[in-house]
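A quick write-up on the structure given underneath.
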Number of protein chains: 2
Amino acid sequence: MTAPPHGAHPSGPGRGLPDTQQGMRRRNLARVMHTVRAEGPLSRATVASRIGLTRAAVSTLVDELIRAGLLEELGPERPGRVGRPGSALAVSGQGPAGIGAEIGVDHLAVCAVDLRGVVRARAVRHGTNRGRPPRPVLAELTALVGEVVAEAERSGLRPAGLAVAVPGLVGRDARTVVRAPNLGWHDTDLAPHLPDGMPLTVDNEANFGALAELWLGDGALHEFLHVSAEIGIGGAVVVEGRLLRGTHGFAGELGHVPVRPEGPPCACGGRGCLEQYAGEEAVLRAAGLAPGENGVEVLAERAAQGDKGVRRALRDAGIALGIALTGAVNLLDPEAVVLGGALAALAPWLVPSLERELAERTAGPACTVSVSRLGSEGPLLGAAHSVVRAVLDDPAALSGRA
Amino acid sequence: MTAPPHGAHPSGPGRGLPDTQQGMRRRNLARVMHTVRAEGPLSRATVASRIGLTRAAVSTLVDELIRAGLLEELGPERPGRVGRPGSALAVSGQGPAGIGAEIGVDHLAVCAVDLRGVVRARAVRHGTNRGRPPRPVLAELTALVGEVVAEAERSGLRPAGLAVAVPGLVGRDARTVVRAPNLGWHDTDLAPHLPDGMPLTVDNEANFGALAELWLGDGALHEFLHVSAEIGIGGAVVVEGRLLRGTHGFAGELGHVPVRPEGPPCACGGRGCLEQYAGEEAVLRAAGLAPGENGVEVLAERAAQGDKGVRRALRDAGIALGIALTGAVNLLDPEAVVLGGALAALAPWLVPSLERELAERTAGPACTVSVSRLGSEGPLLGAAHSVVRAVLDDPAALSGRA
């Protein structure tokens, strides 16, 4: 067998399928949705010129999307102009919604996002999940999902799918938590304990955080390494606008990159891993503080107050991050490293030493280090938006005419 | 701006173009070529069933490919069967050829490969290029290319392009050597000094080595890290059957991943980089040998003879490779690490300590370490095959009817 002819296969919908009229129609429906979403409201004629199809072809596609409730007509566009006014098209605010959920070590959260990207419903429950078995946690999450779905439905939305962010490694089946050490879960299939009746996707919180940055971030970045932290350190790699998943779905595990090969032993079996220097517990310990809930908030507060021990511990964590990121930047040559999740809150004290270390150790063009403005909201928003993106990427699958 | 709707764009030919009949035709031409190349000789009917198009549609495509000299008819297929025999199709052995070239530190090489993947002509010149300016080296290479092209043309082939492998970083323009420390070249545009009249692509030797492994290797691997060495250490990352290039084209730089952050200073400006432990000069030094030409051959020979100092030096280099690869495996989650280039010759003495280090430090599923059977031929073959692949991936571009 030779490798698949990657030059010849369309990616996304229709991938691996023959390049038929049907596949072309599906991809063009997606193009119309993305164009209106990105630039709308737009007339049919403008959409046609943007995507390089005839006005007639676009009208047929638009009619199908309106019937499916994915686009809506807003009425005449720019009525002052000469000629018959085109009716402006917009992505529907009453159509499908993405339901995102997050299982955090210290909280549960659920939200509903419409096709326009607006958060339309939201529910949160605070309290630790550390060491709790999956069943009661997932029962609580199911109740929160029920609340959010009910609220979304009251405002005219139809849930199109549920995506759940977890602080751990998820199998390529996108439903089994292989290992989530900070919850104490392993090899747990979440599907039987979550609402049925809508498509389910489970993924690592760092992956969803990176996707949120890709879709909602300031930077228009397409190639970056996203580094986040809750208790452990999460990483995710985006290449050419797509998440790098790896053979087992485990790519992006920055927390266990060796920083000092003879350093302290790590729970992973290695020694001197990044988490031993920049993980929450390690930083608390280096600052002379006891581990506990809300460790990041405590560190940020004390650092802001000028606590020398905390500032030193964060500076050293920045150095360790810089060493681990030097290797990652050499391997991936990204446009930027983005600090998200809890790391965003600690950035003022981590970034100077991190940037210095990276600049001293890398010969090539400088790699920007930036701080996500999504902060700890990233994974939840990324989860909800992943469902919305799936609708935009293959609207025909939802309208039942695939 | 939102990210491009990656679910909606075909990759390769037609990428970014509207999904038109024309783009579909080009992709289907590529599908026919790849199918016949991988499984041929095949009848039109078999091709049609493989790619899911009608017999009539495939016949039109095949006729175009025969007229362009890319496919040829071999005569009746399986004449014993009932019904009118179909004529078997094969990829042409007289059509376009890929010209591959390699600028090594110690040699120059050029070859011609036909669409069937057969090497049809070859020329090599031994002798060091270290410290020589680009102009005379490229004049010699041009002369070798001329010899190989003449020989290929005598056997009925038409050169479709020239691809040149260099031991250094190449810009995204695919013609400028940004930095090749072991030649002493930097910011050198190779195009003015190489034969014109055919499309030129310049790339890093590690990238071409990885592509050769992808296309010609034993393993049917689609996600791997390819590690090679000539004087420095080269790396290249293949994800989902495609080379990961990075923002500046520099992805895969394994040689400057920090192994011991307080280790010896490196020419790159960092400290304790992998090259300081596993590069050719470092290993020779650790074994008490002077640096010189053919260092790898000397090391392999002495290790085979049981030289304890050399074996110890190679074992320690394997440990350093294992530490650097632990980080890479954590980030990329590849199916395998493949040792190619000069490293293949040293594998018996490097691999045991490398594998042990990697196994002890990584918690996840084991990552296979394998040795390329292409060895030091990889970059040259990868270069020539990259031209052949470009023809297979978009035959219409060559037949002038794109």
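The values are calculated or read from the model by the stated rules, or taken from the named source; none is laboratory data. Computed from a predicted structure; not experimentally measured. Don't worry about glycine lacking a Cβ; one is built from the backbone with ideal geometry, like all the others, and counts go over all protein chains shown.
For segment A:221-229, state whether one or more residues are surrounded by 24 or more Cβ atoms within 10 Å (Cβ to Cβ), modelled with pLDDT of 90 or more and over 23 Å from A:Val283 (Cβ atoms).
Checked against the condition, which is being surrounded by 24 or more Cβ atoms within 10 Å (Cβ to Cβ), modelled with pLDDT of 90 or more and over 23 Å from A:Val283 (Cβ atoms), segment A:221-229 yields at least one hit.
Go through (1) surrounded by 24 or more Cβ atoms within 10 Å (Cβ to Cβ); (2) in contact with a His (Cβ under 8 Å, 6 or more places away or on another chain); (3) within 14 Å of chain A (Cβ to nearest Cβ) one by one and return the number of the condition B:Leu325 breaks.
The number of the failed condition is (2).
Name the residue that is farthest from the chain's Cα centre (by Cα), counting only residues in segment B:225-250 that are facing chain A (nearest Cβ under 7 Å) and more than 13 Å from A:Asn330 (Cα to Cα).
Once the filter is applied, the top-ranked residue is B:Val239.
Filter segment B:287-296 down to residues that are at pLDDT 90 or above and either in a helix (DSSP H, G or I) or surrounded by 14 or more Cβ atoms within 10 Å (Cβ to Cβ) (or both) and give me whichever is nearest to the other protein chains (Cβ to nearest Cβ).
Only one residue fits best here, namely B:Ala287.
For A:Val257, are the conditions met, namely being closer than 18 Å to B:Glu240 by Cα and at the interface with another protein chain (Cβ under 8 Å from one of its Cβ atoms)?
no
Answer yes or no as to whether B:Asp187 is free of Cβ contacts under 8 Å to residues at least 12 places away in the same chain and in contact with a strand residue (DSSP E or B) (Cβ under 9 Å, 6 or more places away or on another chain).
yes
State whether the residues of segment B:305-321 include one that is assigned to a helix (DSSP H, G or I), touching a residue at least 60 places away in the same chain (Cβ under 8 Å) and either crowded, with 19+ Cβ neighbours inside 10 Å or away from chain A (no Cβ under 14 Å) (or both).
Checked against the condition, which is being assigned to a helix (DSSP H, G or I), touching a residue at least 60 places away in the same chain (Cβ under 8 Å) and either crowded, with 19+ Cβ neighbours inside 10 Å or away from chain A (no Cβ under 14 Å) (or both), segment B:305-321 yields at least one hit.
Restricting the search to segment B:47-64, which residues are out of contact with any Lys or Arg (no Cβ under 7 Å at 6 or more places or on another chain) and over 16 Å from B:Met24 (Cβ atoms)?
Answer for segment B:47-64, where residues must be out of contact with any Lys or Arg (no Cβ under 7 Å at 6 or more places or on another chain) and over 16 Å from B:Met24 (Cβ atoms): B:Val47, B:Ser49, B:Arg50, B:Asp63.
It is to be established whether one or more residues within segment A:279-286 are within 14 Å of chain B (Cβ to nearest Cβ) and within 27 Å of B:Glu253 (Cα to Cα).
So far as segment A:279-286 goes, no, none of its residues is within 14 Å of chain B (Cβ to nearest Cβ) and within 27 Å of B:Glu253 (Cα to Cα).
Within segment B:131-180, which residues are among the charged types (D, E, K, R), surrounded by 14 or more Cβ atoms within 10 Å (Cβ to Cβ) and part of a loop (DSSP other than H, G, I, E, B)?
B:Arg132, B:Arg175
Would you please list the contacts, defined by Cβ atoms under 8 Å and residues six or more apart or on different chains, that run from a residue in segment A:344-365 that is more than 14 Å from every other protein chain (Cβ to nearest Cβ) to a residue that is of a type in the set (D, E, K, R) and surrounded by fewer than 22 Cβ atoms within 10 Å (Cβ to Cβ)?
A:Ala344/A:Arg373; A:Ala345/A:Glu297; A:Trp349/A:Arg311; A:Trp349/A:Arg315; A:Leu350/A:Arg315; A:Pro352/A:Arg315
Among the residues of segment A:388-402, is there at least one that is surrounded by fewer than 24 Cβ atoms within 10 Å (Cβ to Cβ), under 24 Å from the mean Cα position of the chain (by Cα), within 14 Å of chain B (Cβ to nearest Cβ) and outside any helix (DSSP H, G or I)?
Scanning segment A:388-402, I find at least one residue that is surrounded by fewer than 24 Cβ atoms within 10 Å (Cβ to Cβ), under 24 Å from the mean Cα position of the chain (by Cα), within 14 Å of chain B (Cβ to nearest Cβ) and outside any helix (DSSP H, G or I), so the answer is yes.
Of the residues B:Val170, B:Val164, B:Val149, B:Val145, only one is modelled with pLDDT of 95 or more and under 24 Å from B:Gly249 (Cα atoms); which?
When all the criteria are applied, what remains is B:Val164.
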